[in-house]
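Notes follow once the structure below has been shown.
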Amino acid sequence: MRFLAPLDETLLHEIFKTHERIITLEDGVIDGGFGSAVMEFAVKHNYHIPIERLGIPHRFVEQGTIEELQTDCGFDVDSIVRLVGTLS
């Protein structure tokens with residue numbers, strides 16, 4: 001999905017009906033972000049699928065390059081690959 005609002009509920013229904021797990025990834029704060037909106041949608045529509053939210057945690061993040069910050073926050077390529085590997 002490209003936008004947080006409005007949520008594409010038709011697409012989300014399709015995703016929830018055809019997948020066993022969902023991982024959301026955002027280049028923004030996790031709390032109150034896209035992943036939270038997806039979780040609210042799941043609750044509202046009584047879906048019971050594990051959802052992993054990746055993004056910037058609710059804490060102070062040090063300065064650095066984009067790559068360093070993504071690694072620090074756990075949503076760089078290696079972190080995502082490891083996460084997917086643990087879910088298989």
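The values are calculated or read from the model by the stated rules, or taken from the named source; none is laboratory data. Just so it is clear, the model here is predicted, and its values are computed rather than measured. Neighbour counts are summed over all protein chains in view; Cβ atoms, including those assigned to glycine, are modelled from backbone coordinates with ideal geometry.
Considered as a group, the residues in region 10-27 that are farther than 19 Å from Leu87 by Cβ and under 16 Å from the mean Cα position of the chain (by Cα) include one that is surrounded by the most Cβ atoms within 10 Å (Cβ to Cβ), and that residue is Leu12.
Mind checking which residues of region 14-42 are farther than 19 Å from Val61 by Cβ, among the charged types (D, E, K, R) and out of contact with any Leu (no Cβ under 8 Å at 6 or more places or on another chain)? Matches in region 14-42: Glu14, Lys17, Glu20, Glu40.
Among the residues of region 21-56, those identified as touching a helix residue (DSSP H, G or I) at 6+ places or on another chain (Cβ under 9 Å) and assigned to a loop (DSSP other than H, G, I, E, B) are Arg21, Ile30, His45, Tyr47, His48, Ile49, Pro50.
Within region 30-45, the only residue that satisfies the criterion of being acidic (Asp, Glu) and modelled with pLDDT under 95 is Asp31. Scanning region 43-85 for residues that are within 29 Å of Thr10 (Cα to Cα), surrounded by fewer than 16 Cβ atoms within 10 Å (Cβ to Cβ) and either among the hydroxyl-bearing types (Ser, Thr, Tyr) or touching a residue at least 12 places away in the same chain (Cβ under 8 Å) (or both) yields His45, Ile49, Pro50, Glu52, Pro57, Leu83, Val84.
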